[in-house]
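*Asks:* I am attaching a structure below and will ask some questions about it afterwards.
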Amino acid sequence: MFDLLIVAATLVCALQAIRSPRLLMSALWLASASALTALMMYRLGAPEVAVIELSVGAGLVTVLFVFAINIAGEEPSVELKALVPWPLAWAAALGAIALGAWMAIPGLRPEATLLETVPFARVVWENRALDVLLQVVLIIGGVLAVLGLLSTGSAHAQKENQ
Amino acid sequence: MPSVSTLAILSIGLPWLGAVAVWLARDRRPALQHALAVIFALAGGAAAVAMIPVRAEANVLGFPLGGAFGPVTFLPDGLAVFLAVVATVIGSLAVIFSVDYMRGERQLGRYYAYVLFFIGAMVGLVLSSNLLLVFVFWEITALCSYALISFYNDDPKAVAAGIKALIMTQVGGVGLLAGALFLYAYQGSYDIPTFLATAGQLPANVLSLMAFGFLVAAAAKSAQFPFQTWLPDAMEAPTPVSALIHAATMVNAGVYLLARFYPAFEAVPGWRLAVIVVGAVTALMAAVMALVANDLKRVLAHSTVSQLGYMVYAIGAGGVFASQFHLLSHAVFKALLFLSAGAVIHAVHTRDMREMGGLGRQMPVVRTVMIIGALGLAGIPIVNGFWSKELVLEVGHEGVPAWAWAVMLFGAGLTALYTLRFVTMVFFGGARGKAHVHDAGLAMKVALVPLALGTLTTWLLAGDFAHFLGRALPEAHGGHGVESTGALLTQIATAPATAVALVVVALGLCCWWQREKLAGAARGLGGVATMATNNFGFEAINRGVVNLTQGAAESLRSTQPGILNWNVMAILVGLVVVLAILALGGA
Amino acid sequence: MTFSLPVLVSVAVLGLVGIGLAGLLVTRNLIKVVVGLQVIVKGGMLAMVLAGKLSGQLQTGAALALTVIVADTIVSVVALAFAVQVRRQFGTLDIQALSTLRR
């Protein structure tokens, strides 16, 4: 019962995140959806990843959103007319969901017994060492990209002033 | 002394670190960028040189990655370490040269980053013993080559040349990838030493497919027939790049590939003959084209293609040591020639030789080093090019169709002819240009002098070099080995092939010396000259392929409206269709 | 009626992905696009963990979900920096107005 409530709440939060006209509210709904996802992951039995998702997804990303929205400023509150009419959009999305559900859910296998006895940290650092390497490369690349993006403004302005 | 695997990782990683460092130093501080580039290039060179005494003959663990791809392994045997040292040392000299050549240019960060990235990738290519990793590094070198050819990206010629180089080398890359995938399918791993030892166990047709796929890849990368059109156009790149990538390192990757996999493919019927034909035809065609070109760098580009043809021919004839020895000599003297050509072009601001002339008086240092390099290219005795070219011709004497050997001999004469031609046009005779020129700057001299000394002396290392290459050579597996430098040199000097070759070279020199008297014959061959300028029709084929590719891309443009919502809609509709098909068909 | 946990989580996964895709279809604001992407990725993460649990390799599934978290955070960071710069240079976040591809 509890799980049903969590799932329903997550879907409601996600829906509101998409539909909300104000960007700041959107970010807050996204934060709650992240938190509920973390809770679901904990219920599934992966507490470490749940904690990471909570702090990164619900914390870091939300702060980033708030920061960016403050700098970029809010658009005029009248929502611009969409290019794809919204009934069509929702029909397509719901159609895809229904098809997916109809195909996947009856065939879900029962829970298998746990094959691995290795703790999470060992799995990450030994079996998935390539993934860790990739994450490091991604982070470095992301930092360099942000540095490049946010500094070209000032460098160009300086060049034009000279 | 750190372990071999650490040194291997350092010699790849230090140049890459340098690339990031130079980029972070920002274009506002060019002096810092120059300094960082030189430091990291030299550090990479030191790491590679440090591998010389500690090389291993078996796989050395780089680091474990776990999971599907297996560990990253290096095979730092003689062949690999030799090419790694060539790449990093000549790379360092080219970077030192760039300090003078690129002074005052914009966007130095991009230039040095790509050059250092390239050096690291080249070292990785030769050191890796995992075929998929070799392919990854192969593609990285192709990317850097493209980026550096189009470095002056507001010049449409440079951009077009870059795209052309990219398309042609990618076609070759497909051959390499196909070979790698075949290997995985039949042996379950990408390990190269395992493949070399057990190549006979693959089905014959699969082995042939791999052999010819690798030949296509090597021919495309080394600009051999029929892919030879991209290298002359790649001369739009800054000259240190031409020296490094298109003379001393990247184009050697094709020769390296053939040399490394020769033990596996030598038994494939028709493969050795195909390699010999490719090498011989390229050597001759490129020599003829070098004879009629008027752009100094184009002449050198055509001569690079021609000399690579000699190396490929040597491999086909079974003389892997001869081809590597010639690779060593060629890397040194060709880098020397390109860098001194760069010094000349930097001073005179033109690449057309018809506007040069009489520069010898004003640029004595450059004239001296360029003449030394030219002696190497032409194969005049005592200089390293002589010994290696004679070894190639001598090895290519047995087991090879007679016409191929005759073609190579004729090519040697042509080489001497065009070498004397361009040296004369640039440095001697009356001055046709107007500018007052200065001699090369300090950084340029620092780069040029070691190369000149190298050209004069690397042949002395022949015996040690043979022992160094050791087990990587098929000769060690039951052919005739090379005992020592003295024995090798005596063998070369007393072979009949050498005498014949010397006569042909002398004939070539005489032809130039008597060129006024032979002018009538030259006019008669004018038709050949026109065909040569048009690259014997391959240029037209090439343009056709490029136009076809771009035309197909243009006609598909209408499916990309650029509006996110419609793109996502298309994705969603596609997803629904796929799911529906699966639901109705599969379940 | 009570549903088992795997069924509920699969519903959540599909729902999140569908909502996110619908959001990408109807929005014109660049920052809303990033929100939609985030929603989709939440669904993806849940799917990883669920798949791990159902095949008995929970820790591997969690490790993959970790990679996804890192990757998607970096994507949103770079996308938001991008949106900020776009706002500064062009003054608008409307994707229709920003598109300069010739048609």
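*Asks:* Average the reciprocal distances over every distinct pair of alpha-carbons in region B:195-237, invert the result, and give the Kirkwood radius in Å.
*Replies:* It works out to 12.1 Å.
*Asks:* Once phi is turned into θ = phi - 60°, what whole-Hz ³J(HN,Hα) does the Karplus curve with 6.51, -1.76 and 1.60 give for every residue of region B:172-177, x standing for Gly and Pro?
*Replies:* Computed from phi, the couplings for region B:172-177 are x, x, 4, x, 5, 5 Hz.
*Asks:* Further question on the same structure: What are the semi-axes of the equivalent ellipsoid for region A:1-76, taken as the square roots of 5 times the Cα gyration tensor eigenvalues, largest first, in whole Å?
*Replies:* Equivalent ellipsoid semi-axes, largest first: 25, 16, 5 Å.
*Asks:* Give me the one-decimal nm value for the distance between modelled label points at A:Leu94 and B:Gln170, 7 Å along each residue's Cα-to-Cβ direction.
*Replies:* The answer from the label model is 4.4 nm.
*Asks:* A follow-up question, please. Rounded to the nearest angstrom and ordered from largest down, what semi-axes does the equivalent ellipsoid of chain B get from its C-alpha gyration tensor (root of 5λ)?
*Replies:* Ellipsoid semi-axes (Å, largest first): 37, 30, 26.
*Asks:* With every protein chain kept in place and ligands, DNA and RNA left out, what is the accessible area per residue of chain B? Probe 1.4 Å, answer in Å².
*Replies:* 38
*Asks:* Where Lys and Arg each count +1 and Asp and Glu each count -1, what net charge lies around B:Arg103 among other residues with Cβ under 15 Å from its Cβ? Spell out each step's value before the answer.
*Replies:* Details: positive: B:Arg29, B:Arg106, B:Lys445; negative: B:Asp27, B:Asp100, B:Glu105.
Net of charged neighbours comes to 0.
*Asks:* Between the chain alone and the structure with every protein chain in place, find the residues of region B:557-571 that drop at least 50 Å² of accessible area; heavy atoms, 1.4 Å probe.
*Replies:* B:Arg557, B:Ile563, B:Leu564, B:Asn565, B:Trp566, B:Val568, B:Met569
*Asks:* Please state the charge dipole magnitude for region B:147-271, taken about the Cα centre, from unit charges on C-beta atoms (+1 on K and R, -1 on D and E), reported in debye and rounded to the nearest 20.
*Replies:* Magnitude of the dipole: close to 160 debye.
*Asks:* Regarding region B:102-153, what's the average projected area of the Cα-atom convex hull, expressed in nm²?
*Replies:* Here the figure is 3.6 nm², rounded to one decimal.
*Asks:* In Å and whole numbers, how far do the C-alpha atoms of region C:5-100 stretch along each principal axis, longest first?
*Replies:* Answer, in whole Å and largest first: 51, 24, 17 Å.
*Asks:* Measure off, as a whole percent, the carbon and sulfur share of the 1.4 Å-probe accessible area of the protein assembly as shown, all protein chains present.
*Replies:* With neighbouring chains kept in place, the figure for the protein assembly as shown is 70 percent.
*Asks:* Return the ratio Rg/(2.2 N^0.38 Å) for region B:77-134, where Rg is computed over Cα atoms only.
*Replies:* Ratio of Rg to 2.2 N^0.38 Å for region B:77-134: 1.32.
*Asks:* What number results when the radius of gyration of the protein assembly as shown, computed over Cα atoms, is divided by 2.2 N^0.38 Å?
*Replies:* Compared with the compact-globule rule of thumb, the protein assembly as shown sits at 1.10.
*Asks:* Against the empirical 2.2 N^0.38 Å scaling, what ratio does the C-alpha Rg of region B:266-382 come to?
*Replies:* The reported ratio for this selection is 1.22.
*Asks:* Taking 7 Å along the Cα-to-C-beta vector as the label spot, tell me the B:Ile371-B:Asn205 distance in nanometres, rounded to one decimal.
*Replies:* Here the modelled spin labels are 6.1 nm apart.
*Asks:* Still on this model: Find the accessible area per residue for region A:1-76; the probe is 1.4 Å, ligands and nucleic acids are left out, and the unit is Å².
*Replies:* 46
*Asks:* Roughly how large, in nm² to one decimal, is the mean projection of the convex hull of the alpha-carbon atoms in region B:107-266?
*Replies:* So the Cα hull casts an average projection of 8.7 nm².
*Asks:* While we're looking at this one, here's another question. Roughly how large is the C-A contact in terms of buried accessible area, totalled over both chains, probe 1.4 Å, nearest 100 Å²?
*Replies:* Protein heavy atoms only, the C-A interface buries about 6700 Å².
*Asks:* While we're here: Dipole of the protein assembly as shown (Lys/Arg Cβ +1, Asp/Glu Cβ -1, origin at the Cα centre): which of A:Ile71, C:Ile19, B:His34 lies farthest to the positive side?
*Replies:* A:Ile71
The values are calculated or read from the model by the stated rules, or taken from the named source; none is laboratory data. Just so it is clear, the structure is predicted and the values come from calculations on it, not from any experiment. All Cβ positions, even for glycine, are placed from backbone atoms using ideal geometry, and neighbour counts span all protein chains on display. The area values use the complete protein model at the heavy-atom level, side chains included, leaving out ligands, DNA and RNA. Shrake-Rupley method; radii C 1.70, N 1.55, O 1.52, S 1.80 Å.
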